[in-house]
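What follows is a short report on a single structure.
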Amino acid sequence: NYIPRQAFNFVFGLLLLAAGLFIFLHTFGDGKRRHWPRATFTRTLVDAGGTQHIYAYDLALGMTLSFAVGLASSMLGIGGGIIHVPIMVNLLDFPVHIATATSHFILAVVALTGTVVHVIDGSLGWAQVPQVAAIAAGAVVGAPAGARMSRHIHGRWIMRSLAVALGLVGVRILILAFTAMPSAP
C-alpha cells in the first residue's frame, strides 16, 4: 500500500534475480560440511529413505536470520521459503533436503497463524475460507509427494532448479515493472 507498484516490482524483481544468481553460483547441496562456525547444535537424522544426515548449526545465528527472513517476507508479501532454504543451506550448512523440510514446516505454521489472524481481523472473510481450505488441502497432498520425489534428486539440482525458477520469476516481474502504466493518484 505504501510503495508504488512499479518501484516494488523493480526492487523485488532485482532481489529475485540476485537470489537466483547467488543460489546458482553457491549451490553445494552435497551434504559435505564446508564449515561449522560456532556450531551450538549438532544433529544426526536418518530420513525415511534410510539416508543419514549429520549437520550442525549456530542457533543464535539461525534465529537472527529467521527473524530477518520473517521481516523481509512480510514486507514483500511472499512465503519465506525462497529466502529460508538458501540461508539454511549456504549459511547454516543444513543439507538441502533437511532445509526444504524445515522451511515447509515453518511456512505451514506461519501460513496457519496468518490465516487465523486475517480471519479474526476481518481482512479475510468467511467467504474465502473454502478457498483457503482448498489451497491447504493441495499443500497437504503436494508436500509429501514432493518430499518423496526429492529423495531421488540430488540436493544440488533441487537448489539449481530453485535458482532458475527465481530468475525466471524475477525477469517476469522486472518486465512488469517496465511495462505497467503508473497508476493515477
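A short reminder: the numbers here are calculations on the coordinates, not readings from a lab. These numbers come from a predicted model, not from an experiment. Cβ placement follows ideal geometry from the backbone for every residue including glycine, while neighbour counts extend to all protein chains displayed.
Mind checking the angle between helix 155-179 and the chain's longest principal axis? C-alpha axes, 0 to 90 degrees, to the nearest 10.
20
Determine how many Å³ per residue the convex hull of the Cα atoms of the stretch 95-185 encloses.
144
Just to be sure I understand the model, the point goes 7 Å from the Cα along the line to the Cβ. What's the resulting I120 to H154 distance in nm?
Inter-label distance under the simple model: 4.7 nm.
If you build the Cα gyration tensor of the stretch 32-143 and take the root of 5 times each eigenvalue, what three semi-axes come out, in whole angstrom, biggest first? Display every interim value, and only then the final one.
Working: eigenvalues 191, 62, 19 Å².
Semi-axes, largest first: 31, 18, 10 Å.
How far apart, in nanometres, would the label points at L61 and A108 be if each is projected 7 angstrom from Cα along the Cα-to-Cβ direction?
The modelled label-to-label distance comes out at 2.8 nm.
How do D47, D58, D93 line up, fewest other C-beta atoms within 10 Å first?
Values: D47 14, D58 18, D93 21.
With the sparsest Cβ surroundings first, the list reads D47, D58, D93.
Taking the Cα centre of the chain as origin, sum charge times position over the Cβ atoms of Lys and Arg (+1) and Asp and Glu (-1), and report the length of that vector in debye to the nearest 20.
420
Restricting to DSSP H runs of at least four residues, report the calculated mean residue ellipticity at 222 nm for the chain, -39500 (n - 2.57) per run over all residues, nearest 500 deg cm²/dmol.
About -23000 deg cm²/dmol.
Compute the relative contact order of the stretch 32-143 as a whole-number percentage, counting only Cα pairs closer than 8 Å that sit 6 or more residues apart in sequence.
Worked out over the stretch 32-143, it gives 18 percent.
Using the count of nearby Cβ atoms within 10 Å as a rough guide to exposure, how do L162, L65 rank from fewest to most?
L65, L162
Which of A99, A19, I54 sits farthest toward the positive end of the charge dipole of the chain, with +1 on the Cβ of Lys and Arg and -1 on the Cβ of Asp and Glu?
The one lying farthest along the dipole's positive direction is I54.
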